[in-house]
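*Asks:* Can you read through this structure? Questions will come right after.
Each reported figure results from applying straightforward, stated rules to the coordinates on display, with no laboratory input. Given the structure is predicted, the values throughout are model-derived calculations rather than measurements. Don't worry about glycine lacking a Cβ; one is built from the backbone with ideal geometry, like all the others, and counts go over all protein chains shown.
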Amino acid sequence: GDSVTQMEGPVTLSEEAFLTINCTYTATGYPSLFWYVQYPGEGLQLLLKATKADDKGSNKGFEATYRKETTSFHLEKGSVQVSDSAVYFCALKEASGGSYIPTFGRGTSLIVHP
Amino acid sequence: DVKVTQSSRYLVKRTGEKVFLECVQDMDHENMFWYRQDPGLGLRLIYFSYDVKMKEKGDIPEGYSVSREKKERFSLILESASTNQTSMYLCASSAHGGLNEQFFGPGTRLTVL
């Protein structure tokens, strides 16, 4: 079955540091890939997505590139802010076959200090 | 602004009580989901529904049931609440298809005493 593996957290950084959160996946078909973010006390919201190989999703300074050859979708940001402190979830969803249910990673907590 | 709303942000119930968690979406989505979120365990799917009156078990359906009488509303029912059901409950909705992301509600933090 499908699965998503994220690096364990928490990831602790100083403001303006470079961020990478690793995400790798296994899938039987050709999935779409997503990053969701959960701010404290809130539900998840979509951060970015990519629907085919070599696509780059980007939003709010975050980027991730769909790498089919390494089955990865790593999240990066060049300069983090305190307001980026949140939990980040990588997810995949099969693009065909009546797909309803995404597969989520366990989430990576990011803490950014001033 | 599109929205998924949940009936309560915080709820405290006693063991053995029947608990209803309500979720409403205004995006005309076919799919609706209930998850629970616990530290270290990520999101776990309880039930989902892909159409009115249709429901499918997720990974952890024991102790829960659901109801979807209208397209916009998906209810989670704890028939007899237990302390191990203390958790954060998240509702989500999505349109059909692999390209479509999920939209989440703000969550209900349920405490069972």
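*Asks:* How far apart, in nm, are two points set 7 Å out from the Cα along the Cα-to-Cβ line at residue B:82 and at residue A:83?
*Replies:* Computed distance between label sites residue B:82 and residue A:83 equals 4.4 nm.
*Asks:* Ratio of the protein assembly as shown's C-alpha Rg to 2.2 N^0.38 Å, to two decimals?
*Replies:* The value comes to 1.02.
*Asks:* As a footprinting exposure proxy, order B:109, B:9 by other Cβ within 10 Å, with the fewest listed first. Walk me through the numbers on the way to the answer.
*Replies:* Numbers: B:109 16, B:9 11.
Ascending number of Cβ neighbours within 10 Å: B:9, B:109.
*Asks:* Pull out the extension gain between residue A:12 and residue A:70, defined as 0.36 nm times the separation in residues minus the alpha carbon to alpha carbon distance; nm, one decimal. If you can, show how the numbers build up before the last one.
*Replies:* On the way: separation 58, 0.36 × 58 = 20.88 nm, distance 2.59 nm.
Separation in residues times 0.36 nm, less the Cα-Cα distance, equals 18.3 nm.
*Asks:* I want to verify a result. In a Gaussian network model of chain B, Cα cutoff 10 Å, which of these has the top mean-square fluctuation: B:46, B:77, B:60?
*Replies:* Its mean-square fluctuation being the largest, the pick is B:60.
*Asks:* For chain B, what is the charge dipole size about the Cα centre, in debye to the nearest 20, if Lys and Arg each add +1 at the Cβ and Asp and Glu each add -1 at the Cβ? Display every interim value, and only then the final one.
*Replies:* Working: 15 positive and 15 negative charges, 78 e Å.
Here the size comes out at about 380 debye.
*Asks:* Right, here's the next one. Listing B:48, B:74 from the residue with the fewest other Cβ atoms within 10 Å to the one with the most, what is the order? Walk me through the numbers on the way to the answer.
*Replies:* Working: B:48 23, B:74 29.
Lowest count first: B:48, B:74.
*Asks:* Using every Cα-Cα pair within chain A, state what percent have a distance larger than 16 Å. Please report the intermediate quantities before stating the final value.
*Replies:* Numbers: 3601 of 6441 pairs.
Value for chain A: 56 percent of Cα pairs lie more than 16 Å apart.
*Asks:* In what sequence do B:96, A:113 fall when counting other Cβ within 10 Å, fewest first? Mind showing how you got there, number by number?
*Replies:* On the way: B:96 14, A:113 11.
Arranged by neighbour count, lowest to highest, B:96, A:113 become A:113, B:96.
*Asks:* Measure of size requested: the Rg and Dmax of chain B, with Cα atoms as the atom set and Å as the unit; please supply both.
*Replies:* Computed over the Cα atoms of chain B, radius of gyration and Dmax are 13.3, 41 Å.
*Asks:* To the nearest 0.05, what FRET efficiency results for residue B:99 and residue B:20 with a Förster distance of 41 Å applied to their C-beta separation?
*Replies:* Numbers: r = 33 Å, r/R0 = 0.80.
Rounded to the nearest 0.05, the efficiency is 0.80.
*Asks:* With equal scatterers on the alpha carbons only and no solvent term, can you work out the Debye log10 of I(q)/I(0) for the stretch B:50-105 at 0.14, 0.20, 0.23 1/Å?
*Replies:* -0.46, -0.90, -1.12
*Asks:* Further, regarding this structure: Counting only Cα atoms, I'd like the Rg/Rh figure for the stretch A:60-114, Kirkwood definition for Rh. Mind showing how you got there, number by number?
*Replies:* On the way: Rg = 13.9 Å, Rh = 13.3 Å.
Taking Rg over the Kirkwood Rh, I get 1.05.
*Asks:* Still on this structure, please answer the following. What does the charge dipole of the protein assembly as shown about its Cα centre add up to, to the nearest 20 debye, if the Cβ of each Lys and Arg holds +1 and the Cβ of each Asp and Glu holds -1? Don't skip to the end; give the middle numbers.
*Replies:* Numbers: 24 positive and 27 negative charges, 103 e Å.
In debye, rounded to 20, the protein assembly as shown gives about 500.
*Asks:* What does the charge count around residue A:15 come to, taking other residues whose C-beta lies under 13 Å from its C-beta (Lys +1, Arg +1, Asp -1, Glu -1)? Provide the component values of the computation, followed by the final result.
*Replies:* Details: positive: A:77; negative: A:16, A:84.
Charge balance in the 13 Å sphere: -1.
*Asks:* Under unit Cβ charges (Lys, Arg +1; Asp, Glu -1), what dipole magnitude, rounded to 20 debye, does chain A have relative to its Cα centre?
*Replies:* Numbers: 9 positive and 12 negative charges, 52 e Å.
So the magnitude is around 260 debye.
*Asks:* A further question follows. Give the separation of the Cα centroids, the stretch B:26-104 to the stretch A:46-94, in Å.
*Replies:* So the separation of the two Cα centres works out to 25 Å.
*Asks:* By the scheme Lys and Arg +1, Asp and Glu -1, what is the net charge of all other residues having a beta-carbon under 12 Å from that of residue A:55? Write out the running numbers ahead of the final one.
*Replies:* Numbers: positive: A:49, A:52, A:56, A:67, A:68; negative: A:54, A:63.
Value of the local net charge: +3.
*Asks:* Between residue A:51 and residue B:27, with labels modelled 7 Å along Cα→Cβ, what's the label distance in nm to one decimal, could you check?
*Replies:* Result for the modelled spin labels: 1.4 nm.
*Asks:* Obtain the nm distance between the two label points defined at residue B:41 and residue B:13 by a simple spin-label model: each point lies 7 Å from its Cα along the Cα-to-C-beta direction.
*Replies:* 1.6 nm
*Asks:* Tally Lys and Arg at +1 and Asp and Glu at -1 over the other residues with C-beta under 10 Å from the C-beta of residue B:23: what net charge comes out?
*Replies:* Working: positive: B:68, B:73; negative: B:22, B:72.
Once positives and negatives cancel, what remains is 0.
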